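Data block below; observations after.
Every read-out reported here was derived from the displayed coordinates using simple, explicitly stated rules and does not represent laboratory data. The structure displayed is predicted, hence computed values, not measured ones. With ideal geometry, Cβ positions are generated from the backbone for all residues, glycine too; neighbour counts draw on all protein chains shown.
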């Protein structure tokens with residue numbers, strides 16, 4: 001990839017990381033940490049900043065880099081600028097830009113399906129469309145407790161499609177592929193139902209999540225790569241832990257029923273977004289970040305430190321939720337943030353190690 005393209009994508013990546021930092025700070029303020037320098041509107045924007053500002057921008061950027069089409073950078077640019085407008089308190093223009101970003105990303109997804117018709121491309125396109133639907137509902141003013149089901153479907157289905165593509169190496173049976181499609185259909189069906197019958201929609205959604213998590217445990221290539229060494233084994237560990245958290249959140253949702261706020265709500269969604277989605281970021285980061293930066297990273301076992309802290313601190317946070325102990329929950333959240341910081345420091349070390357080896 002030529003130098004101009006690399007320089008073009010660097011500001012987008014920097015903006016996405018900045019939005020991640022701001023989303024983490026907003027989350028810490030929400031759970032009780034006194035951060036007086038933060039804008040007063042920032043804690044309210046925690047969810048949109050994390051899901052649309054960081055995850056949406058990063059995923060759209062990675063797709064644009066992989067496909068090598070400059071017009072595809074429009075999506076991550078719009079979501080990054082939209083996220084920054086949310087930080088500035090400009091909710092409506094920020095939301096509209098993020099909506100436009102998701103529309104652009106959905107178009108990219110369905111264009112890929114037209115070029116490569118397959119189950120995995122269709123699932124990823126449905127994930128992109130879920131982001132668009134969620135953003136339409138969000139801009140229309142529906143409660144985040146409903147919108148978040150679509151936002152989570154965006155991330156879960158995007159990851160599921162990518163894992164299904166890699167899982168072709170194991171050649172799952174037709175019955176296994178059908179089970180996968182039924183699980184993803186349940187997630188989409190549940191997300192569609194929550195606006196009309198919240199309890200039923202959430203139950204169907206969690207059945208889909210549970211089935212998908214168990215499917216990954218059985219059929220993902222992680223079963224093979226866990227026996228390898230170096231980076232493949234690290235990735236497998238991160239993936240496996242993520243699948244456990246998906247099953248946990250689905251089980252928690254089925255046991256306690258749908259929530260619109262409170263401690264169980266916090267445990268459920270952070271189990272999914274931190275335990276599953278962020279673990280996927282930790283797993284794929286050593287591949288995605290070098291691709292975006294057009295540089296080679298050297299694997300180092302130090303990557304296990306932030307991964308271990310991420311999952312340990314999430315356990316602490318959820319224990320605090322279940323015990324209704326605010327101080328335990330706060331420290332779990334703080335350690336979540338430190339784990340994310342350590343991950344990026346670890347990645348920087350891997351880039352530096354590559355330079356020293358050249």
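If one puts a single equal scatterer on every Cα of segment 122-169 and applies the Debye formula without solvent, what log₁₀ I(q)/I(0) results at q = 0.30 Å⁻¹? So the normalised log intensities work out to -0.96. Stretching residue 17 away from residue 338 to a fully extended chain increases their span by 114.1 nm, per 0.36 nm per residue minus the current alpha-carbon distance. Convex hull volume of the C-alpha atoms in segment 166-225, normalised per residue: 70 Å³. Computed from the Cβ-Cβ distance with R0 of 30 Å, the FRET efficiency linking residue 345 to residue 110 stands at 0.20. Seen from every direction in turn and averaged, the convex hull around the alpha carbons of the chain projects onto 17.3 nm². Segment residue 260..residue 91, full-extension length gain: 58.7 nm, with 0.36 nm per residue of separation and the alpha-carbon distance subtracted. Note on segment 201-269: Cα-only Rg and Dmax are 14.3, 43 Å. Semi-axes of the equivalent ellipsoid for segment 118-220, computed as √(5λ) from the eigenvalues of its C-alpha gyration tensor and ordered from largest down, come to 25, 14, 9 Å. Per residue, the Cα convex hull of segment 224-358 amounts to 108 Å³. Relative to the current alpha-carbon distance between residue 7 and residue 324, full extension at 0.36 nm per residue lengthens the span by 109.4 nm. Averaging 1/r across all pairs of distinct Cα atoms in segment 1-116 and inverting the result yields a Kirkwood radius of 14.5 Å. Computed with the Debye formula from one identical point scatterer per Cα of segment 36-180, without solvent, the log10 of I(q)/I(0) at q = 0.12, 0.16 Å⁻¹ comes to -0.50, -0.81.
Given contacts defined as C-alpha pairs under 8 Å and at least six residues apart, what's the relative contact order of the chain, whole-number percent? Averaging sequence separation for qualifying contacts and normalising by length gives 12 percent for the chain. Restricting the calculation to alpha carbons of segment 69-110 gives Rg and Dmax of 10.4, 33 angstrom. Taking a point 7 Å from the Cα of residue 294 along the Cα-to-Cβ direction, the residues of segment 58-93 with backbone N closer than 18 Å to it are 61-74.
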